[in-house]
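All remarks here apply to the structure that follows.
The values are calculated or read from the model by the stated rules, or taken from the named source; none is laboratory data. Model, not experiment: these values are computed from the prediction. So basically every Cβ, Gly included, is an ideal-geometry build from the backbone, and we count neighbours across all protein chains shown.
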Amino acid sequence: MSKSGSGAVGSGQVQRQVQLPLSKAVEIALKSMRVRMGRSILTLITIVMAMAFLTEVWLSNRLGPVIRTELLAREHLKAHGPSVDGSRLVWLISLSLLVCLVGISNAMLMSVMERFREIGTMKCLGALDSFILKLFVLESIFLGVAGTICGIVLGVVLAVGIMVARYSTAAWPLIPWGGVPWICLAALGIGTAITAAAAMYPAWKAARMEPIAAMRVEV
Amino acid sequence: MVMAAKPAGSAAGREEIVRTIDVVKEYRMGDQTLQALKGVSVTIYRGEYISIMGPSGSGKSTLFNAIGGLDKPSSGKVFIDEVDVAQLDALELAWLRCRKIGYIFQTFNLIPVMTALENVALPMIFGGMLEADARDKAKLILERVELGHRIDNKPSQLSGGQQQRVAIARAFANDPAIILADEPTGNLDLNTGKAIIALLKEMNQERGVTVISATHDLKMLDISDRIFWIRDGEVEKIQRRDEVTIDAGEMH
Ligand SMILES: Nc1ncnc2c1ncn2[C@@H]1O[C@H](COP(=O)(O)OP(=O)(O)O)[C@@H](O)[C@H]1O
Ligand SMILES: [Mg+2]
């Protein structure tokens, strides 16, 4: 096996670095998020707000008309409340998701740039590009899922709250709860997809960072 | 296993561990080119303690990066243990950095979110060692650098000297053949710096590891086997320790 001493180009002396199990990346990603709680929470808030907005708009768009027609039928109220303009709504939702995407991407990018020394050092210690990539994608996905879930809860509360405020508690029994889980599930999918997409570029930047970044002194 | 194949240790066994051939490093800035290294050819033998001495901006770190496989020279060759570093692919380079070389930095560079123990275990885990084994070994090395009582502390809870001890323990984690240190005492006060230098020397003798340290800390002179004096990207002279002490005296 060890054929050293031949003076040739050291064949067999250098091996190839092994891949680490995903669980190690998960562990380090969670640790990083816990320690950088402030930054994590800021990113989280962006996601929560965007997803709450999405869920609220989506829900009231679905629930509003149902409740309104029900109430109209019972002659509880005159037809008031905003009529829903479909295209404007799509536009608003798209915009909020875009803001969310850019916000997360920007937060992750800042986090990558701040951690240049840490990333460079890990590379010096033998971390592979793929490991660093996983670290940042995972971090972003964890934030994304957590933020989306909080956002959905907030969105549902807001939608129902607004509905009740607008049509009085008479609206409460009329809410078609059956449709709500599906909207929430779809929102969860969208939120996770967006955070994963937002993490791509920053994570790629981190993975491509040279080990020499460990030596850089200035920020 | 590679080491055993060759007669090691004896004064005659001058086994090459690092060789640079005419290494040139240029930095391009706009239309200007700055030659940080102007053709450096040095040979370093297994078990030596080498200091690369020179004023700030003389090219010490650039040479450190070239030897450590951290940066590609513009021209010239670097051999580590007879392997041409330029020939290695990404996975082999990562293996080399992980197993063959231990790095020590001026700024300590511990991973801030990890405890001392986790920091020392990390290169072993990157090398494929089982978590439990890595932790056991990390504990032993931390005890060796007299930090057995601080293993669960985060870097922010440690003094500069203690952080550098953890960094030294981490550098030795995978039993590397070479320890590369760039200004390891640069951020430490006089006495802490002395203690770090002494520790590096002890580890060098105890483990037969080659230590290459870029520094302008004259305290390093006493313990170095050879000193490479570097100025403006060129090796000005190479001295053995016994040739140096007189010069050092004159410097004060
Ligand atoms: N990334 C870089 N880009 C441009 N010039 C650089 C870079 N790194 C180092 N240099 C220049 O190369 C020379 C040698 O630098 P360095 O090796 O860091 O010196 P030392 O470590 O001895 O202080 C200096 O003139 C420095 O300004
Ligand atoms: Mg330097």
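Does B:L37 fit the bill of being among the aliphatic types (A, V, I, L, M), within 16 Å of ligand 1 (Cβ to nearest atom) and either part of a loop (DSSP other than H, G, I, E, B) or on the phi > 0 side of the Ramachandran plot (or both)? First the steps, then the outcome.
Values: among the aliphatic types (A, V, I, L, M): yes; within 16 Å of ligand 1 (Cβ to nearest atom): yes; either part of a loop (DSSP other than H, G, I, E, B) or on the phi > 0 side of the Ramachandran plot (or both): no.
Spelling it out, it is not the case that B:L37 is among the aliphatic types (A, V, I, L, M), within 16 Å of ligand 1 (Cβ to nearest atom) and either part of a loop (DSSP other than H, G, I, E, B) or on the phi > 0 side of the Ramachandran plot (or both).
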field: Unmet criterion (only one of (1) at pLDDT 95 or above; (2) within 11 Å of chain A (Cβ to nearest Cβ); (3) surrounded by fewer than 22 Cβ atoms within 10 Å (Cβ to Cβ)) for B:V113
entry: (1)
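Are any residues in the range B:51-61 outside any loop (DSSP other than H, G, I, E, B) and either within 11 Å of another protein chain (Cβ to nearest Cβ) or within 12 Å of ligand 1 (Cβ to nearest atom) (or both), and if so, which ones? Break it down into steps so the answer makes sense when it comes.
First pass over the range B:51-61, keeping only residues outside any loop (DSSP other than H, G, I, E, B): B:51-53, B:60-61.
Scanning the range B:51-61 gives B:I52, B:M53, B:K60, B:S61.
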- prompt: Residues of the range B:151-171 being within 12 Å of chain A (Cβ to nearest Cβ) and either crowded, with 19+ Cβ neighbours inside 10 Å or in contact with a Lys or Arg (Cβ under 6 Å, 6 or more places away or on another chain) (or both), which ones?
  reply: B:P155, B:A167, B:R170, B:A171
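Condition check ((1) without any contact (Cβ under 8 Å) to a residue 24 or more places away in the chain; (2) within 11 Å of chain A (Cβ to nearest Cβ); (3) within 13 Å of ligand 2 (Cβ to nearest atom)) across all residues:
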{"residue": "B:Y49", "(1), (2), (3)": "no, no, no"}
{"residue": "B:L63", "(1), (2), (3)": "no, no, yes"}
{"residue": "B:G68", "(1), (2), (3)": "no, yes, yes"}
{"residue": "B:P73", "(1), (2), (3)": "no, no, no"}
{"residue": "B:F79", "(1), (2), (3)": "no, yes, no"}
{"residue": "B:L88", "(1), (2), (3)": "yes, yes, no"}
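Of all residues in the range B:90-106 being in contact with a strand residue (DSSP E or B) (Cβ under 8 Å, 6 or more places away or on another chain) and in a helix (DSSP H, G or I), which is farthest from the other protein chains (Cβ to nearest Cβ)? So that I can check it myself, show each step before the final result.
First pass over the range B:90-106, keeping only residues in contact with a strand residue (DSSP E or B) (Cβ under 8 Å, 6 or more places away or on another chain): B:96-97, B:100-106.
Now restrict to residues that are in a helix (DSSP H, G or I): B:96-97, B:100.
Numbers: B:L96: 6, B:R97: 5, B:K100: 8 Å.
Checked the range B:90-106; the qualifying residue farthest from the other protein chains (Cβ to nearest Cβ) is B:K100.
Which one is surrounded by the fewest Cβ atoms within 10 Å (Cβ to Cβ), of the residues in the range A:31-50 that are of a type outside the set (V, I, T) and more than 10 Å from chain B (Cβ to nearest Cβ)? Walk me through how you get there before you give the answer.
Keep residues of the range A:31-50 that are of a type outside the set (V, I, T), which gives A:31-34, A:36-40, A:42, A:44, A:49-50.
Filter once more, so that each one left must be more than 10 Å from chain B (Cβ to nearest Cβ): A:37-40, A:42, A:44, A:49-50.
Numbers: A:M37: 10, A:G38: 8, A:R39: 17, A:S40: 20, A:L42: 13, A:L44: 22, A:M49: 19, A:A50: 27.
Out of the qualifying residues, it is A:G38.
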- prompt: Taking the range B:173-189 as the search range and keeping residues that are away from every other protein chain (no Cβ under 12 Å) and away from ligand 2 (no atom under 16 Å from the Cβ), which one is nearest to the chain's Cα centre (by Cα)?
  reply: B:I179
- request: Considering only the range B:174-217, state which residues are out of contact with any strand residue (DSSP E or B) (no Cβ under 8 Å at 6 or more places or on another chain) and among the aliphatic types (A, V, I, L, M).
  value: B:L188, B:L190, B:A195, B:I196, B:I197, B:A198, B:L199
task: Just one of (1) more than 16 Å from ligand 1 (Cβ to nearest atom); (2) within 17 Å of the chain's Cα centre (by Cα); (3) part of a loop (DSSP other than H, G, I, E, B); (4) more than 14 Å from chain A (Cβ to nearest Cβ) trips up B:G148, so point out which.
output: (2)
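Out of the residues in the range B:15-34 that are without any contact (Cβ under 8 Å) to a residue 12 or more places away in the chain and either part of a loop (DSSP other than H, G, I, E, B) or of a type outside the set (A, V, I, L, M, F, W, C) (or both), which is farthest from ligand 2 (Cβ to nearest atom)?
Going through the range B:15-34, the residues without any contact (Cβ under 8 Å) to a residue 12 or more places away in the chain turn out to be B:27-34.
The next check asks that each one be either part of a loop (DSSP other than H, G, I, E, B) or of a type outside the set (A, V, I, L, M, F, W, C) (or both); those that pass are B:27-28, B:30-33.
Numbers: B:Y27: 14, B:R28: 20, B:G30: 23, B:D31: 25, B:Q32: 21, B:T33: 20 Å.
Checked the range B:15-34; the qualifying residue farthest from ligand 2 (Cβ to nearest atom) is B:D31.
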- prompt: Can you name the condition, by its number, that A:V18 falls short on among (1) under 17 Å from A:S130 (Cα atoms); (2) surrounded by 15 or more Cβ atoms within 10 Å (Cβ to Cβ); (3) touching a Lys or Arg at 6+ places or on another chain (Cβ under 9 Å)?
  reply: (3)
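Taking the range A:32-84 only, how many residues are among the charged types (D, E, K, R) and at pLDDT 85 or above? Steps first, answer last, please.
Within the range A:32-84, the subset among the charged types (D, E, K, R) is A:34, A:36, A:39, A:56, A:62, A:68, A:70, A:74-75, A:78.
Still in the list and also at pLDDT 85 or above: A:56.
Qualifying residue count for the region: 1.
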